Amino acid sequence: MTKKRSFFDYMWIVSLSYLILGFFNILFAWLGMICFIVPLIISISGGGKSYCNNYCGRGQLLNLLGNKYKLSKNRDIPNFIKSKGFRYGFLVFFLTMFSNMIFITIQVFKQEKNLRQAITLLWTFKLPWNWIDVSMVSPWIAQFAFGFFSLMLTSTILGLITMRLYKPRSWCVYCPMGTMTQMISRARMK
């Protein structure tokens, strides 16, 4: 018996398209906010982790690459990555980086800093991204896009690394959105 496919089985295309579009026009990075807001709304409204389990394009992409294309070593993820300490620590780190991105965006908005046309990979390596014309928008809008795309690209790279080394959806174990939706679900059950 074959499982009937639905629109949601192809969300990996949305995730891949997001990354590709961001290379050509950084302003598409704003679409990534959907991946931040929707899981929280679903979880707050009682849907638990259904976004992560059913709709997350990144999880589906990692699953596709790891299972169908056999790019995963399919080993168990180490216990320390599964631990609460690591997951919550990574969430705090990720939210700190997100807050820093917002802070820089505010500084550009207030004209205290100039627009940085760069993508920062793994929170360390700055890649110039000045082939894209962002003059049609306010500098703070572009700054947010550069920062947000940096976060999304970095988390995708981490997901690809852990997919390759371990099981395909190993990223999902310590994904900050998954950790937040789990926290919301537990808080709702109390």
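Every number in this text was worked out from the coordinates using simple rules, so none of it is lab data. Being a predicted model, the structure only gives us computed values, none of them experimental. FYI the Cβ positions are ideal-geometry reconstructions off the backbone, even for glycines, and counts take in every protein chain you see.
Converting phi to 3J(HN,Hα) with the Karplus coefficients 6.51, -1.76 and 1.60 and the offset θ = phi - 60°, segment 64-72 yields 4, 5, x, 8, 5, 9, 6, 8, 9 Hz in sequence order, with x at every glycine or proline. Could you list which residues have their amide H under 5 Å from that of THR120, counting only those 5 or more apart in sequence or on another chain, with H placed in the peptide plane? So THR120 has HN proximity to LEU127, SER150.
Per-residue 3J(HN,Hα) values for segment 163-172, derived from phi via the Karplus relation 6.51 cos²θ - 1.76 cosθ + 1.60 with θ = phi - 60°, read 4, 5, 6, 10, 6, x, 9, 4, 4, 4 Hz in sequence order (x marks Gly and Pro).
Helix content alone sets the calculated 222 nm mean residue ellipticity of the chain: runs of n ≥ 4 DSSP H residues at -39500 (n - 2.57) each, divided across all residues, give -18000 deg cm²/dmol. Would you mind checking LYS3/LYS70; LYS68/LYS126; LYS84/LYS190; LYS84/LYS126; LYS82/LYS113; LYS4/LYS167 for any pair whose Cα atoms are more than 29 angstrom apart? From the list (LYS3/LYS70; LYS68/LYS126; LYS84/LYS190; LYS84/LYS126; LYS82/LYS113; LYS4/LYS167), the Cα-Cα distance tops 29 Å for LYS68/LYS126; LYS84/LYS126; LYS82/LYS113. On the beta carbon distance between SER138 and ILE41, with R0 = 25 Å, the FRET formula returns roughly 0.40.
The calculated FRET efficiency for the pair LYS4 and ASN53, based on their C-beta separation and a Förster distance of 22 Å, comes to about 0.80. All C-alpha to C-alpha distances of the chain, sorted into 5 Å bins beginning at zero, yield P(r) values of 1, 8, 14, 18, 19, 17, 12, 7, 3, 1, 0, 0, 0 percent in whole numbers. Against the empirical curve 2.2 N^0.38 Å, the C-alpha radius of gyration of segment 20-86 lands at a ratio of 1.41.
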